[in-house]
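Bear in mind these aren't lab numbers, they're just calculated from the coordinates by the rules spelled out. Everything quoted here is computed from the prediction, not taken from an experiment. Ideal geometry is used to build each Cβ from the backbone, glycine not excepted, and the neighbour counts take in all protein chains shown.
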Amino acid sequence: MQNIENILEEIYKIEPALKNREGELIKIINSLIDLKPEVKIDENFILSLKSKLQSKYGVSEPPKTWFTFLDLRLVGGLAVAALLIIIAAPFIKTTPSDTGQPSETSIITNRDDGSVVVKNDEGIVTKQSEAGKTIAGFVKFKSADEYKKYLAYSDQGYYGFGGGIGGRIDTMGLNEAMPSPALSQPTGIKQSDATAPSRVSETNVQVAGIDEPDILKTDGKEIYFSPMYQYYYAQPMPMGVSVPETFINPDIIEKNILPPYTYNKPKTNVIKAFPADKLSKDGVIDKTGNLLLSGNILIIFEQQNIYGYDVSDPKNPTQKWNVGINSRNSFVESRLYDGVIYLVTRTNTNRYDPCPIVLFKTGGQEISVRCENIYHPIGSTPVNANYHISTINPATGKLAEGISFVGSYDSTVYMSKNGIYIAYSRQGDFLKLIRDLFSENSDIIPKEIVGKLEKLMTYDISDSSKMSEFQIIYRDYLNSLGSDESLRIENELSNRAGDYFKKHKRELTKTDIIKIAVNSLKVDAMGTVPGNLLNQFSLDEYQTNLRVAVTIGGNGFMGFGNQSEQENDIYVLNTNLSRIGSIEGLGLGERIYSARFIEDKGYLVTFKQIDPFFVLDLSNPARPQVKGELKIPGYSAYLHPINKDKILGVGKEGSRVKVSLFDVSDAANPKEASKFVLEEYWSDILNTHHAFLLDPRHKVFFMPGGNGGYVFSYDSDKLSIKKAVSGISAKRAVFIDDYMYIAGDNKIIVLDENSWERIGQLDL
Amino acid sequence: MDEQEKNIILDCQSGNVERFSELYNIYIGKIYKFIYFKTLHKQTAEDLTSEVFFKVLKNINKFSTKYRFSPWIYKIAQNTVIDYFRTYKKTENIEDIWGLADDTDFVEKIEEKMIFEKVQKYLAGFSSVEREIIIMRLWQDMSYDEISEVTGKNAGNCKVIFSRSISKLRSEVLLAALILLVLHI
């Protein structure tokens with residue numbers, strides 16, 4: 001323990017008068033120190049978490065035999081704790097009669113595989129046509145008790161080990177023609193108006209026409225800029241960006257003058273941006289966060305509040321409405337489409353006080369959801385979160401409830417013009433895998449053990465309890481053997497298990513995808529694919545199909561699976577989210593770093609040491625195929641189509657930021673037409689595609705870096721720096737007419753795109 | 001930032017994720033304690049610590065080595081704990097167990113309950129920032145430089161907050177003693 005003298009000295013420096021009270025101070029400090037609760041960290045926990053982390057991305061620690069991992073003698077109760085999180089929820093016993101009975105409004109579809117899909121207000125259920133047995137479904141809870149029971153069974157604690165950052169939304173569908181650069185007619189300005197710009201850039205989004213919240217928006221006249229990212233809710237980490245705070249000078253403290261601790265709340269700036277020579281600050285809104293702009297209404301997502309401001313008079317923005325997000329509810333994502341704000345929020349499940357869940361406070365009223373209005377998948381899915389989709393009318397702030405359903409914390413949200421897709425990963429059914437493994441190895445595991453497992457699987461108890469039971473059964477069996485034989489069987493089984501899990505790696509982790517219809521906000525379809533998604537760009541709707549890029553393996557299952565077993569699949573799902581085509585086994589030993597689907601092509605970057613860039617031909621959805629492959633050093637974390645033949649990749653090579661221009665005109669032979677490695681270790685594009693701006697008129701794109709902002713030319717298929725802008729902590733750029741505005745934390749710099757001279761600057 | 005940590009992170013970012021375990025070794029104890037003092041519950045502290053490391057691993061590519069690593073990971077730990085308490089408590093601004101009013105049902109074991117009640121008498125009166133600094137300084141034995149990294153406030157500011165908190169506690173203790181005295185008289 002530190003010397004109490006030091007602590008006292010420190011205090012006296014600040015408040016010398018306390019010196020006279022030394023006796024009291026010592027007593028107080030000692031009693032505070034004495035209060036310290038004893039803290040011991042469990043060595044088993046340290047080891048077990050380490051091994052789980054290592055298996056997450058396949059870090060290769062000498063592979064432990066997996067039965068060692070399950071061995072009660074070694075890990076004791078801890079194995080159970082780990083299992084709680086990994087294992088899927090058991091089956092809530094449902095019979096066809098109590099779920100999704102066809103009602104008058106039911107839509108019934110017969111599928112090719114003989115199953116029947118029934119869709120109505122109560123949800124969606126798939127049944128075997130003959131026996132009428134429910135195979136899968138997504139239905140409402142019948143009661144609060146049923147909800148509680150479901151949570152108790154899906155006993156995986158408060159979070160999933162999926163690594164839930166959650167809420168990353170990728171919107172790069174570009175199912176609208178080619179990704180012509182985000183470009184629009186300036187809102188609310190007549191084209192013929194000589195005082196209006198002829199072109200304005202929009203936020204770089206995934207699906208043209210569906211806007212995504214970002215820290216900067218413009219209507220061609222004003223720039224709305226909220227320099228501080230709301231990292232906490234969208235992505236719960238500071239990313240090295242801290243809240244700007246005004247600190248008191250330490251010297252002043254030393255001199256014992258005690259200025260108050262102050263905190264400068266960041267603000268949203270309203271900046272007159274057009275014409276460029278009139279750059280000035282029009283107004284300020286004392287709220288900050290990601291923004292959307294709908295006509296004259298600026299929407300600000302500030303932590304637990306959403307505000308609507310009328311900005312028709314930019315000098316006097318006035319608050320028109322406010323929707324409060326309840327403290328138990330948190331913002332996941334939002335989209336603006338066709339004059340409606342779609343809002344996805346998430347609450348953690350609470351076993352003790354499950355429902356009703358208060359979601360919002362608006363107009364003096366609380367808006368909550370009852371258990372009976374929450375949907376859940378039938379069968380085994382571990383859940384630890386509830387998702388809620390709501391809509392807001394941007395003009396009035398009127399909030400309408402949409403739909404709520406359970407899922408896991410690690411989610412991906414993607415929105416097309418037809419559907420909002422929520423995808424979350426879960427672990428496969430471990431007990432079933434073990435049972436199958438045991439059955440396949442009847443020479444070393446007797447039939448009665450398999451029989452016991454089968455019986456165990458039917459028990460109406462939680463999965464964690466089943467796993468404890470399983471361990472007892474297995475240990476009892478080993479104990480019944482002589483120690484030589486026991487050792488032999490353990491080794492034999494462990495060896496065979498390696499091959500077995502390799503063969504079944506697509507059953508280890510699954511991703512469930514729920515499609516919510518945009519027009520009705522009702523469940524439209526649900527489907528499952530193996531593996532994990534990377535981000536929103538892993539999903540893409542084109543015509544009536546959904547294309548999905550997943551990484552299989554490598555994230556570990558009970559400590560198996562290492563990086564060498566990773567591979568990547570592409571699945572094409574139809575409108576019911578049933579699989580109609582696939583490419584399996586891409587990039588063996590590597591995982592997906594970026595994906596982009598553009599019409600009937602797909603581009604995929606997988607990475608371990610070198611960067612294979614795959615060109616996929618998806619013109620026949622039932623028979624997708626790899627057309628070409630290119631291997632180059634480094635990786636691309638974001639892919640942006642420049643035109644039909646060129647794809648730009650932004651990523652890293654070694655520790656430096658790299659930009660690659662891929663020539664895909666010959667799909668069978670993709671080439672790296674040009675490459676540029678920057679003296680930068682980081683670009684915000686690696687974090688969000690919103691930071692990217694393409695200006696096709698001038699054949700340039702903008703990239704923020706740590707040391708400034710960069711305007712790159714891709715003219716003649718050659719990457720070169722057109723303009724480097726120093727002295728700004730660049731975040732975003734927009735263009736209005738032929739002027740590029742580079743926005744940083746504390747200033748905006750304007751470049752003339754014809755000369756690339758700086759023509760203006762505004763300090764914020 | 002610390003050169004060794006920087007190298008490990010850069011290595012992780014260029015694909016050599018094996019080195020993550022070195023970061024893990026450096027931080028596991030610190031983060032566990034940080035969370036334990038906020039939750040006073042072994043299982044919860046283990047769960048949340050796991051979550052923190054999974055978040056860090058998942059996002060290590062997004063970390064810029066221009067910044068220091070330790071404030072980043074502590075910030076993640078802090079947010080994870082806040083998020084956790086939001087789940088269980090409807091009250092606003094709950095950042096650790098010490099700020100809970102009378103909801104001691106959260107504390108399960110008798111022994112822990114006693115510690116909780118005792119400590120809460122002293123610590124619940126502080127703001128979460130004050131409490132955080134007291135805990136880091138007195139329980140976690142962290143220097144002001146380290147505390148400054150975690151809280152994002154400069155070291156001088158942390159010193160002021162600490163001293164003022166102790167001073168505040170002193171006057172409260174004195175007041176309580178005075179009342180007792182008056183009552184007894």
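Amide H to amide H under 5 Å from A:A208: which residues, 5+ apart in sequence or cross-chain, H placed 1.01 Å off N in plane?
Under 5 Å from the amide H of A:A208: A:L174, A:N175, A:E176.
Would you mind estimating how fast the range A:534-763 diffuses translationally, via Stokes-Einstein at 25 °C and 0.890 mPa s with the Kirkwood radius over Cα pairs, in µm²/s?
Translational diffusion coefficient: 132 µm²/s.
With θ set to phi - 60°, apply the Karplus curve 6.51 cos²θ - 1.76 cosθ + 1.60 along the range A:530-540 and write out the HN-Hα couplings as whole Hz, x wherever there is a Gly or Pro.
So the Karplus estimates, Gly and Pro as x, are x, x, 10, 8, 8, 7, 4, 6, 6, 10, 7 Hz.
When the Karplus curve 6.51 cos²θ - 1.76 cosθ + 1.60 is applied with θ = phi - 60°, which whole-Hz ³J(HN,Hα) does each residue of the range B:10-18 get, with x for Gly and Pro?
Those phi angles translate into 4, 4, 4, 5, 9, x, 8, 5, 3 Hz.
As a footprinting exposure proxy, order B:R19, A:R335 by other Cβ within 10 Å, with the fewest listed first.
B:R19, A:R335
What FRET efficiency comes out for the pair A:L588/A:A152, r = Cβ-Cβ distance, R0 = 41 Å, nearest 0.05?
0.50
Calculate the mean, over all residues of peptide A:40-51, of how many other protein chain Cβ atoms lie within 10 angstrom of the residue's Cβ.
The mean count of partner-chain Cβ atoms within 10 Å per residue comes to 4.
Between A:Y12 and B:D2, how high is the FRET efficiency from 1/(1 + (r/R0)^6) when r is the Cβ-Cβ distance and R₀ = 30 Å? Nearest 0.05.
0.40
Which of B:M142, A:M703, A:M457 has the fewest other C-beta atoms within 10 Å, and how do the rest follow up to the most?
Working: B:M142 20, A:M703 23, A:M457 16.
Placing the least packed residue first, the sequence is A:M457, B:M142, A:M703.
Among the listed pairs A:K13/B:K153; B:K38/B:K153; A:K36/B:K159; A:K503/B:K62, give every one whose C-alpha distance is greater than 23 Å.
A:K503/B:K62
Taking H as built 1.01 Å from N, whose amide H comes closer than 5 Å to the amide H of A:L648, not counting residues under 5 places away?
Placed amide hydrogens put A:H640, A:I642, A:F662 under 5 Å from A:L648.
In peptide A:341-349, what is the residue-averaged number of other protein chain Cβ atoms found within 10 Å of each Cβ?
Average per residue, whole number: 1.
Can you list residues from other chains, or at least 5 along the same chain, whose modelled amide H is less than 5 Å from the amide H of A:S582?
Result for A:S582 returns A:V572.
Apply the Karplus curve 6.51 cos²θ - 1.76 cosθ + 1.60, θ = phi - 60°, to the phi angles in the range A:365-371 and return the couplings in whole Hz, x for Gly and Pro.
Each residue of the range A:365-371 in turn: 10, 9, 10, 10, 10, 8, 3 Hz.
Filter the GluC sites (Glu not before Pro) in the range A:590-680 down to the DSSP loop ones having no more than 14 other Cβ atoms within 10 Å, then list what survives. Could the numbers behind the result be given before it?
Numbers: sites: A:E590, A:E599, A:E629, A:E653, A:E672, A:E679, A:E680; in loops: A:E590, A:E599, A:E679, A:E680.
Sites meeting the loop and neighbour criteria: A:E679.
If you rank B:T65, A:T218, A:T288 by fewest surrounding Cβ atoms within 10 Å, what's the result?
Result, fewest neighbours first: B:T65, A:T288, A:T218.
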